[in-house]
Amino acid sequence: TDLICRFKPDGLLTFVNEAFCRFHGKRSDELIGTNFFQTLSEEDAAVPLSYINSLPADEPVVSFDYRLHSPDDLAVWHQYRIRRLFQEKGDTREFQAVIQDITQRKRSENALRESEERFSGAFEYAPIGVALVSPDGRWLKVNRALCDLVGYSEAELLTRTFQDITHPEDFEVELENMRRMIAGEIRSYQIEKRYVHGRGHLVTVLLDVSLVRDGQGQPHYFIAQIQDFTERRLAENALRESQGLYHSLVEQLPANVWRK
């Protein structure tokens, strides 16, 4: 299935196999005697030529990926492996090229790169804190919102673990949830917890955590989504205190009090 050909130093084709003929839609007698470099994309033909011309005598093989158009004008990717063949005197007799179609691999790589770029953008610019955390608790990747929330720079967080900034009273609860997730007992968990801010005060957050496993099913990393819950918790506490004070005052009034 590989395309194979041989050509002289000036590019003159001396041999082509059937796969090479099929790709170019021509018979071997139509291709032999033509120029190898004319089978490449005209605008980029200088690229493989530069690889070939740079071949040192003690390293007679070069490999490179190259994008070109097939005869039906479809963009394809080929991987070229070109070997210099020598005469007895040590001069170059000709070159042999073995060419593999890597179009599907390149498309997969491009799709993966685009997916990673989209994920990276969504991760970095999310309005809430987002982090990737290793199974032993190390911060692997953190976004700007999380850094602002806990008062540490990205560099500072990446040298710490989540345990380092978790309030001691909330530590065991989270470890137990992580253990259960790793054991497969739960798929995710949501808890309210407290971080110790870089300046020393407490930050209350709502934490959603899920686990990503590798191809062998082993824990790879946790994905944590972290929302600032501090203001809401303070408001709820203030409301509860206010209600408690109201009821306390009502109970202590000497007159009868009732609500319609």
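The values are calculated or read from the model by the stated rules, or taken from the named source; none is laboratory data. Keep in mind that this is a model prediction, so the values were computed, not measured. Don't worry about glycine lacking a Cβ; one is built from the backbone with ideal geometry, like all the others, and counts go over all protein chains shown. Remember, those area values only see protein heavy atoms, side chains included, never the ligands or the DNA or RNA. Shrake-Rupley method; radii C 1.70, N 1.55, O 1.52, S 1.80 Å.
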Some residue of region 206-215 being open to solvent by less than 60 Å² (accessible area, probe 1.4 Å), modelled with pLDDT of 60 or more and in a loop (DSSP other than H, G, I, E, B): yes
Answer residue from region 79-98, given it is touching a residue at least 24 places away in the same chain (Cβ under 8 Å) and either hydrophobic (A, V, I, L, M, F, W, C) or not in a strand (DSSP E or B) (or both) and is farthest from PHE7 (Cα to Cα) among those: GLY90
Any hit, region 70-78, residues being open to solvent by 90 Å² or more (accessible area, probe 1.4 Å) and not in a loop (DSSP other than H, G, I, E, B): no
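Counting only residues that are charged (D, E, K, R) and modelled with pLDDT under 70, which one in region 54-73 is nearest to LEU40 (Cα to Cα)?
First pass over region 54-73, keeping only residues charged (D, E, K, R): 58-59, 65, 67, 72-73.
Those still in the list that are modelled with pLDDT under 70 too: 58, 73.
Details: ASP58: 27, ASP73: 12 Å.
The selected residue is ASP73.
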Those residues of region 1-43 which are open to solvent by 30 Å² or more (accessible area, probe 1.4 Å), over 18 Å from GLN100 (Cβ atoms) and not in a helix (DSSP H, G or I), in sequence order: LYS8, PRO9, ASP10, LEU12, THR14, GLY25, LYS26, ARG27, ILE32, GLY33, THR34, ASN35
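Do any helices (runs of 4 or more DSSP H) lying entirely in region 99-195 carry at least 3 residues that are open to solvent by 60 Å² or more (accessible area, probe 1.4 Å) and under 30 Å from TYR66 (Cα atoms), and which ones are they?
Values: elements: 103-124, 144-150, 154-157, 162-165, 168-182.
Correct list: 103-124.
Just to be sure, is PHE86 surrounded by fewer than 16 Cβ atoms within 10 Å (Cβ to Cβ), touching a Ser or Thr at 6+ places or on another chain (Cβ under 8 Å) and among the aromatic types (Phe, Trp, Tyr)? Step through it out loud before you land on a result.
Working: surrounded by fewer than 16 Cβ atoms within 10 Å (Cβ to Cβ): yes; touching a Ser or Thr at 6+ places or on another chain (Cβ under 8 Å): yes; among the aromatic types (Phe, Trp, Tyr): yes.
For PHE86, the condition - surrounded by fewer than 16 Cβ atoms within 10 Å (Cβ to Cβ), touching a Ser or Thr at 6+ places or on another chain (Cβ under 8 Å) and among the aromatic types (Phe, Trp, Tyr) - is met.
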Only one of VAL196, VAL150, VAL205, VAL209 that is hydrophobic (A, V, I, L, M, F, W, C) and within 24 Å of the chain's Cα centre (by Cα): VAL209
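Can you tell me which residues in region 1-29 are among the hydrophobic types (A, V, I, L, M, F, W, C) and closer than 19 Å to LEU74 by Cα? Quick ask: steps written out before the conclusion?
Of the residues in region 1-29, the ones among the hydrophobic types (A, V, I, L, M, F, W, C) are 3-5, 7, 12-13, 15-16, 19-21, 23.
Once the filter is applied, which keeps residues that are among the hydrophobic types (A, V, I, L, M, F, W, C) and closer than 19 Å to LEU74 by Cα, region 1-29 yields LEU3, ALA19, PHE20, CYS21, PHE23.
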Residue satisfying condition, being at pLDDT 90 or above, over 25 Å from ARG22 (Cα atoms) and among the acidic types (Asp, Glu), within set ASP148, ASP91: ASP148
Residues of region 11-38 classified as under 26 Å from GLN87 (Cα atoms) and either without any contact (Cβ under 8 Å) to a residue 24 or more places away in the chain or hydrophobic (A, V, I, L, M, F, W, C) (or both), total: 14
